[in-house]
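The values are calculated or read from the model by the stated rules, or taken from the named source; none is laboratory data. Just so it is clear, the structure is predicted and the values come from calculations on it, not from any experiment. Counting neighbours? That spans all protein chains shown, and the Cβs are built from the backbone with ideal geometry, glycine included. With ligands, DNA and RNA removed, areas are computed over all heavy atoms of the protein, side chains included. Shrake-Rupley method; radii C 1.70, N 1.55, O 1.52, S 1.80 Å.
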Amino acid sequence: TLLFWGAGAAVDGTEFDWFENEAGTLVSWDGYAWAGGDDLKFRLEAEGEAFDGNVESSELRALVSWNIADFWDFQAGVRHDFEPEGLTWAAIGFQGLAPHFFETEARLFVSEKADVAFRFEQTYDLLLTQRLIAQPHIELNAYAQDIGELGIGAGIADVEAGLQLRYEFTRKFAPYADLVYERKLGETSLIARSLGEDPEAVTLRLGLRIRL
């Protein structure tokens, strides 16, 4: 069996007061690495955000990925949140290419405290030229119960939608601009307002995507 590997990362930043009243610098990152064959892979993923140098969210996922159909993998493993609170989750889900070439991730998480969360992500690459690519993207998070220490209410907690425009000098190197809208919903929105936080934000992020 042939062994392959791959890795990649995207890092971007924004000045929050471009669109928002609150001033500060937001930096976000999203990286991955995998090794394995056509049928079985081991995958590491990391993502997070820091505002003015303070890490507000950070998580690491370790997943085993089994190919179960053309363009679809079933995944199982663990996720550990370093911020905003140290918490470990069991994870299962699917990753693949939905009809019409929508890249899709759907994952269910169960924490060490028996909290249940669901995350859905979808992206689509629209080639404007061979190098210039527009990528609409959306992420949704939902929870089966209130998680008071995280300021989360039961139900659909938040949604993030955006449009990224990137220029691929090569498949391995692509700077981008990403216009992102974030909105807390339902009970989570009410909790944010009670804490004096704005439940929605719009940011324009400038970043770089690298693949190995």
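Max-minus-min Cα coordinates of segment 49-102 on each principal axis give 42, 25, 10 Å, with the largest extent listed first. In the chain, helices alone account for a calculated mean residue ellipticity at 222 nm of -1000 deg cm²/dmol, with every DSSP H run of four or more residues adding -39,500 (n - 2.57). Computed 3J(HN,Hα) for segment 120-129, one whole-Hz value per residue from the Karplus formula 6.51 cos²θ - 1.76 cosθ + 1.60 where θ = phi - 60°, is 10, 9, 8, 9, 8, 9, 10, 7, 7, 9, glycine and proline marked x.
Using the C-alpha gyration tensor of the chain, what are the square roots of 5 times its eigenvalues, in whole angstrom, with the largest one first? Walk me through the intermediate numbers first.
Details: eigenvalues 151, 112, 48 Å².
Values for the chain, descending: 27, 24, 16 Å.
Note on segment 39-135: Rg/Rh from Cα positions, Kirkwood definition for Rh, rounded to two decimals, is 1.04.
Can you give the FRET efficiency for E149 and Q122, using 1/(1 + (r/R0)^6), R0 = 30 Å, r = Cβ-Cβ distance, to the nearest 0.05?
Details: r = 29 Å, r/R0 = 0.97.
Efficiency at R0 = 30 Å is approximately 0.55.
Under the combined filter of DSSP loop state and at most 10 neighbouring Cβ atoms within 10 Å, segment 115-212 retains none of its GluC sites (Glu not before Pro).
The trypsin sites (Lys or Arg not before Pro) found in segment 129-191 that occupy coil by DSSP, while having at most 11 further C-beta atoms within 10 Å, are R171, K172.
Among the GluC sites (Glu not before Pro) in segment 34-110, which ones are in a DSSP loop with at most 16 other Cβ atoms within 10 Å of the Cβ? Mind listing them?
Those satisfying the criteria are E85.
Just add up the charged neighbours of E47: K/R +1, D/E -1, any other residue whose Cβ is under 10 Å from the Cβ of E47. Working shown, then result.
On the way: positive: R61; negative: D30, E45, E49, E59.
Residues near E47 contribute -3 overall.
Tally up the carbon and sulfur contribution to the accessible surface of the chain as a whole percent, 1.4 Å probe, everything protein left in place. The partial results should precede the final answer.
Numbers: 7390 of 11820 Å².
Taking all protein chains in place, the chain shows 63 percent carbon and sulfur surface.
Distance distribution P(r), segment 91-141, all Cα-Cα pairs, bin width 10 angstrom from 0: 23, 40, 23, 11, 3 percent. The distance from the alpha carbon centre of segment 38-90 to that of segment 96-154 is 12 Å, rounded to a whole number.
A 1.4 Å probe run over the protein chains yields, for the chain, 56 Å² of accessible area per residue, whole-number rounding.
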